[in-house]
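Working notes, beginning with the structure itself.
Derivation of every value follows stated rules applied to the coordinates shown; laboratory data play no part. Quick caveat, the model's predicted, so the values are computed rather than measured. Cβ atoms come from the backbone with ideal geometry, glycine included; neighbour counts cover every protein chain shown.
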Amino acid sequence: MIDLRLATQYTLECLHAETGSFGAGADARVKKFIEDPQAADASEFGYVSGLSLARFYIDPNKPNNTEEQSLWCVLQHKFGKPTAVLPITITSKTSVRTLRNLINEADA
């Protein structure tokens, strides 16, 4: 398991890679956090961790199954856990924190 701030940075980078978004309305804060997660204060860490995937996927019905699997594959690669199993369904209500914890705590 890696440091939670670094894991959050990785998760946000993966979301951006998959969606092209830095979180609608939160772009500047997410970009700043990604630049230096260790320097972010606790409130910024909590803010970016609490963002729901709805901020990244404009359509409230997303991610669909294909997008969910694609995002999970990107996370598996970034975290070096190619055999990690996704234990839940990811929805637009899933938070960055939940997604981060799922991959970070998964067996490799």
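Observations, loosely collected:
- The criterion of being more than 11 Å from residue 11 (Cα to Cα) and outside any loop (DSSP other than H, G, I, E, B) holds for residue 69.
- In the set (1) touching a helix residue (DSSP H, G or I) at 6+ places or on another chain (Cβ under 6 Å); (2) part of a loop (DSSP other than H, G, I, E, B); (3) charged (D, E, K, R), the condition left unmet by residue 81 is number (1).
- Selection within the stretch 10-28 - touching a residue at least 12 places away in the same chain (Cβ under 8 Å) and of a type in the set (Gly, Ala, Ser): 17, 21, 23, 24, 25, 26
- Some residue of the stretch 22-34 being touching a strand residue (DSSP E or B) at 6+ places or on another chain (Cβ under 9 Å), part of a helix (DSSP H, G or I) and surrounded by 11 or more Cβ atoms within 10 Å (Cβ to Cβ): no
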